[in-house]
1. Considering Gln83, Gln119, Gln123, which residue is in contact with a strand residue (DSSP E or B) (Cβ under 8 Å, 6 or more places away or on another chain) and of a type outside the set (A, V, I, L, M)?
2. Consider Met91 carefully, then state whether it is open to solvent by less than 30 Å² (accessible area, probe 1.4 Å) and in contact (Cβ under 8 Å) with a residue 24 or more places away in the chain.
3. Which residue is modelled with the highest pLDDT, if the candidates are limited to the stretch 215-256 and must be assigned to a helix (DSSP H, G or I) and among the hydroxyl-bearing types (Ser, Thr, Tyr)?
4. On the given criteria, is Pro141 modelled with pLDDT under 85, surrounded by fewer than 18 Cβ atoms within 10 Å (Cβ to Cβ) and within 23 Å of Leu267 (Cα to Cα)?
5. Would you confirm whether any residue within the stretch 189-199 is farther than 26 Å from Ala113 by Cα, part of a helix (DSSP H, G or I), in contact with a Lys or Arg (Cβ under 9 Å, 6 or more places away or on another chain) and open to solvent by 50 Å² or more (accessible area, probe 1.4 Å)?
6. Scan the stretch 288-305 and give yes if some residue there is more than 26 Å from the chain's Cα centre (by Cα) and either part of a helix (DSSP H, G or I) or surrounded by fewer than 17 Cβ atoms within 10 Å (Cβ to Cβ) (or both), otherwise no.
7. Taking the stretch 171-188 as the region of interest, how many residues are more than 21 Å from Ala103 (Cα to Cα) and either assigned to a helix (DSSP H, G or I) or in contact with a helix residue (DSSP H, G or I) (Cβ under 9 Å, 6 or more places away or on another chain) (or both)?
8. Scan (1) surrounded by fewer than 19 Cβ atoms within 10 Å (Cβ to Cβ); (2) modelled with pLDDT of 85 or more for the single condition Gly109 breaks and write down its number.
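The values are calculated or read from the model by the stated rules, or taken from the named source; none is laboratory data. Please read these numbers as outputs of a predicted model, since none were measured by experiment. As a convention, Cβ positions derive from the backbone with ideal geometry for all residues, glycine included, and neighbour counts pool all protein chains shown. For the accessible areas, the whole protein counts, side chains as well, though only heavy atoms, and no ligand, DNA or RNA atoms are used. Shrake-Rupley method; radii C 1.70, N 1.55, O 1.52, S 1.80 Å.
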Amino acid sequence: MTSSLPGNRDLPVSQYDLSTYWGRVQHSATISDPRTLFTSAAGLENAKQLVTSYKTGKIRDMTPELWEAKKTIDSTLHPDTGQPVFLPFRMSCFVLSNLVVTAGMLTPGLGTAGTLGWQITNQSLNVGINFSNANKSMPLPTSTVVKSYFTAVTASCGVALGLNALVPRLKSLSPNAKMVAGRLVPFAAVASAGVLNVFLMRGEEIRQGIDVFPVLSEEEKHKVETGELEVKSLGKSKKAATLAVAETAVSRVLNSTPIMVLPPLILVRLQKTDWLKQRPKMVTPVNLGLILTTSIFALPLALAAFPQRQAVAAKTLEPEFHGRGGKDGMVEFNRGI
């Protein structure tokens with residue numbers, strides 16, 4: 001991200017109003033835009049030069065070219081290391097990376113081996129994304145990553161296999177209802193393991209707390225930009241960390257819900273049509289198309305559910321923060337993605 005580049009002048013966080021849900025949706029669509037994956041080395045270097053010129057004061061105002069450069073950098077570079085994130089694990093590659101894995105998990109009629117294989121593959125991808133985008137200023141211990149991985153794999157496989165065994169035994173359900181329930185088993189496995197994975201990977205934040213800062217007035221923001229004011233952390237809050245991790249876990253469920261629920265339900269309906277009955281080879285392409293279309297729209301909608309820079313009243317945190325809030329008695333913290 002742009003924070004890894006030289007210069008004391010920060011770029012605006014976004015060209016959209018992040019205080020509104022729609023503004024956050026537009027911003028999320030920008031940082032997850034797959035087109036940035038095609039940026040060449042020369043294009044990335046040019047973007048870095050443009051942003052550095054702004055941060056060092058050589059360029060005074062934001063321009064369309066600068067916004068595009070910021071988009072390229074934010075979607076490519078890690079904010080702590082300044083190095084490109086491994087391509088399959090970038091947020092801009094999230095839809096494409098998950099397409100094949102999701103299609104595999106949602107394949108009708110998977111056996112035990114197939115179910116286990118795709119659940120393991122999915123959790124491997126999740127850990128890769130979480131690790132590659134984690135805060136490198138306080139690296140995750142290898143033991144935490146390994147524990148998170150095996151716990152999430154165990155949870156997802158256990159839920160998937162357990163429900164696959166349970167659904168056929170539900171005598172109160174009609175055959176059609178059993179088929180629908182069976183198609184939704186992967187969602188239950190992914191959602192439960194996803195939530196568990198977030199809490200395990202970010203458990204240290206809850207135990208140690210995260211930095212909170214006073215919300216600044218417009219005058220104070222201007223002073224920060226000119227270097228007259230330096231904003232320092234008010235301290236670390238465990239309550240803020242718990243809220244940040246919980247909201248992130250909810251956003252993961254919100255993201256997986258439409259992707260893992262809508263395509264299989266629509267496919268069940270389409271498989272009853274004469275067109276698809278006469279063209280069984282089209283089931284896989286149709287399934288992929290449904291997953292891709294749903295993913296493209298679902299990701300920014302889920303990421304925007306909660307502000308990344310979350311503001312709360314100081315009095316809702318630990319007593320040590322009471323009365324120390326900034327504008328309107330509020331403090332803020334970085335929720336993360």
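1. So the residue among Gln83, Gln119, Gln123 that is in contact with a strand residue (DSSP E or B) (Cβ under 8 Å, 6 or more places away or on another chain) and of a type outside the set (A, V, I, L, M) is Gln83.
2. Working: open to solvent by less than 30 Å² (accessible area, probe 1.4 Å): no; in contact (Cβ under 8 Å) with a residue 24 or more places away in the chain: yes.
Against the criterion (open to solvent by less than 30 Å² (accessible area, probe 1.4 Å) and in contact (Cβ under 8 Å) with a residue 24 or more places away in the chain), Met91 does not qualify.
3. Here the answer is Thr242.
4. Working: modelled with pLDDT under 85: yes; surrounded by fewer than 18 Cβ atoms within 10 Å (Cβ to Cβ): yes; within 23 Å of Leu267 (Cα to Cα): no.
No.
5. Scanning the stretch 189-199 turns up no residue that is farther than 26 Å from Ala113 by Cα, part of a helix (DSSP H, G or I), in contact with a Lys or Arg (Cβ under 9 Å, 6 or more places away or on another chain) and open to solvent by 50 Å² or more (accessible area, probe 1.4 Å).
6. In the first step, residues of the stretch 288-305 are kept if they are more than 26 Å from the chain's Cα centre (by Cα); the result is none.
So far as the stretch 288-305 goes, no, none of its residues is more than 26 Å from the chain's Cα centre (by Cα) and either part of a helix (DSSP H, G or I) or surrounded by fewer than 17 Cβ atoms within 10 Å (Cβ to Cβ) (or both).
7. Result for the stretch 171-188: 4.
8. With respect to (1) surrounded by fewer than 19 Cβ atoms within 10 Å (Cβ to Cβ); (2) modelled with pLDDT of 85 or more, Gly109 is out only on (2).
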